[in-house]
Amino acid sequence: MALVDPRFVGHVHTLRLALTDPRFPAAAVRGALSVQPEARTALARAVTAAAATARISGSGGGAPTAAPARALGPAESLERETAPTGVPATVPGRAGQARPPLGSAPRPGADAGGGDAGAASSADAAAHASGEYAESRSRTRPSGTTAAPGAHSRVDDLAAALDAEGVPVHRPELGVLVAAVPADALSRAKAQDAVDAVDDERVRLRSAVKSRDGFFTTFCISPYSRYIARWCARRGLTPNQVTTASLLTALIAAACAATGTRPGFVSAGVLLIASFVLDCTDGQLARYSLQYSTLGAWLDATFDRAKEYAYYAGLALGAARADGDDVWALALGAMVLQTCRHVVDFAFNEANHDATGNTSPTAALSGRLDSVGWTVWVRRMIVLPIGERWAMIAVLTAFTTPRITFYVLLVGCALAACYTTAGRVLRSLTRRAERTDRAAHALAELADTGPLAELVAKAAPRGPSSYLAPLSAALGAAAVLAGTAAAGFGSWVPVGCAVLYAVLAGVAVAAPLKGPLDWLVPPLFRAAEYGVILILAACSEVNGALPAAFGLIAAVAYHHYDTVYRIRGGTGAPPHLLVRAIGGHEGRTVAVTAAAALLHHRNQGFTIALTALAAALALAVLTESIRFWVSSGAPAVHDETGEPA
């Protein structure tokens, strides 16, 4: 539902920002207001109260009436709508021309492409609506205002009433964009001059790019990918379609790498870069055309992992075909290391983003370093974000061998992991932050605890302790990894170590995870579970064990990423029944070690067990995950943090 004051003067893109963002229950700029379904009841109450006040005071004619309201679909054009009541609610154009009346919905996808705001051309007809833009880098005035105060607007009164009712009203940063309700002809002329002075299409293109991104993405991809995003918008393509195209391109790249030929490796590198260009384009298209959705954010994140891990598998197959080189252990190690890095990022952010007193000398030093231009890019490159990582993989694939590619990747990711983890540990030790119950609950969900550890946690309650949780998790992880590596394949020692690990995991989660280093618990659990599978498969020397372990870890990692993005979307973790049914991290660790001990003397027995477990897990988690995301009523989200992926 949208309300626009008929005297509104401003850029068309200002109205897009105010009226078409599905992530907020209400959004407003000067003279324009929109609400999502969850806020319509509050808006109805505000309108009723305003009408009653006007009748009682008898001063209804003193202030202009806002434009009639109607429901706006996420892809409806702001320029080509007509009021359902027949009362025009015009939006002045760039030079003061009256816009066509608001109200009617054109074909899906119609929108102005940002040229002359006086008319929507056919070339502009496909820029979709929904989302949030980064603020302009050349902000000259507060959001939603012009130099003059402007006239009183009842639309602004309704926005204030929603705020008073407790409905948060999002007010987007406009930067140099204009939104005004002029009080007289002179102020209208000034507002129109301000509109004419700024090309909102240029602002729109600039804002399509993340304000914080990696060096390679910022300087080698975004300068032209934003124009690809605009091209896609004008042809009615959606971000999800571009995301799918990126996935297909990466899968073709993996297939080229699997050929094991030099032309195949070169083609794979080129296609991997093309896939990354499309990966950047989908987010820029979402920001450019204001199309945000929970499903889109999930697809973007999930497909990134699927593309990278499929490419690792393609390199492993290609190495075997080229010269019989078995690099499956390296491919599996790269996947484990990268996944654990991500869990460190997720757990640290969940533990600290809403903590109180969340400051430290380390964080202050980091802020000072960011004030020096060149250190910003160096620090972003050190962590080897997705752009730098994929560029490195593409170049190494084209000019070297898969083994060299994996060696360099493992060394680079290990150094990046040490750098980021050490910095976060220092921050956690030097800050005096109070973690919230919500943060503790999120860490407990990321821990992915199964029935074995839950039984221990119930039997061994503990009081608050600063470091018992990460210490217990670290001891358990070290015991099971060292025991498995020392005993080797076929021994019952790893089974005993896995049972000890389950006990220590239960101790770690017995109390709320609110300690300064409790965010380390989920990544320690991931390292233990994935590492045990990797060690057993590598030591087994059973044909097909490593590829089967690759599939198993991929299925488990999907479950863990799914958990992360449900939490980020505000919907909570997967159902606890599902977590218990698939055993939890400690249950799966015990099951894999037991399978290795029982089936070590049988040809292909361990491989078959790993394959069956991978298939069962994939079927369970994929079925529930797809059902949830397709039917989810979660609010629309999109990753705007700029954090390395």
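The values are calculated or read from the model by the stated rules, or taken from the named source; none is laboratory data. This one's a predicted model, so the numbers in the text were calculated from it and none came from an experiment. Heads up, the Cβs are rebuilt from the backbone with ideal geometry, glycines too, and the neighbour counts pull from every protein chain shown. Side chains are part of the model used for accessible areas, which takes the heavy atoms of the whole protein and leaves out ligands, DNA and RNA. Shrake-Rupley method; radii C 1.70, N 1.55, O 1.52, S 1.80 Å.
Observations, loosely collected:
- Measuring only protein heavy atoms, the 1.4 Å probe finds residue 514 accessible over about 80 Å².
- With the simple spin-label model, which puts each label point 7 Å out from Cα in the Cβ direction, the residue 152 to residue 622 separation comes to 6.3 nm.
- Tensor-based shape of the range 161-205 (alpha-carbon gyration tensor, a/c under 1.5 rounded, otherwise prolate or oblate): oblate
- Segment residue 466-residue 630, extension gain: residue separation times 0.36 nm, minus the distance between their alpha carbons: 55.0 nm
- Table column - 3J(HN,Hα) (Hz), the range 515-520, Karplus curve with 6.51, -1.76, 1.60, x for Gly and Pro: x, x, 10, 5, 5, 6
- Prolate is the label for the range 474-542, because the ratio a/c of its alpha-carbon gyration tensor axes (a ≥ b ≥ c) is 1.5 or higher and a/b is greater than b/c.
- In sequence order, calculated HN-Hα J values of the range 376-393 (Karplus, 6.51, -1.76, 1.60; Hz; x Gly/Pro): 4, 6, 4, 5, 6, 6, 4, 6, 6, x, 4, x, 4, 5, 5, 5, 4, 4
- Between residue 418 and residue 493, the contour length at 0.36 nm per residue exceeds the Cα-Cα span by 24.0 nm.
- Applying the Karplus relation 6.51 cos²θ - 1.76 cosθ + 1.60 with θ = phi - 60° to the range 329-337 yields 3J(HN,Hα) values of 5, 5, 4, 5, x, 5, 5, 4, 5 Hz, where x marks Gly and Pro.
- Under the shape rule built on the C-alpha gyration tensor, where the axes satisfy a ≥ b ≥ c, the range 500-574 is oblate, since a/c reaches at least 1.5 while a/b does not exceed b/c.
- Amide H contacts under 5 Å for residue 31: 156, restricted to partners 5 or more places along the chain or on a different chain, H placed in the peptide plane at 1.01 Å from N.
- Binning the alpha carbon pair distances of the range 203-280 at 10 angstrom intervals from zero yields the distribution 19, 42, 29, 10, 1, expressed in whole percent.
- Sites residue 615 and residue 44, calculated FRET efficiency, Cβ-Cβ separation with R0 56 Å, nearest 0.05: 0.60
- Exposure of residue 626 as accessible area (Å², to 10), given a probe of 1.4 Å and all protein chains: 90
- Long-range HN-HN contacts of residue 174 with modeled amide H, under 5 Å: 143, 144
- With all protein chains modelled, accessible area of residue 171 [1.4 Å, Å²]: 110
- Calculated FRET value between residue 378 and residue 478, using beta carbons and R₀ = 30 Å, to 0.05: 0.35
- With the simple spin-label model, which puts each label point 7 Å out from Cα in the Cβ direction, the residue 185 to residue 600 separation comes to 9.5 nm.
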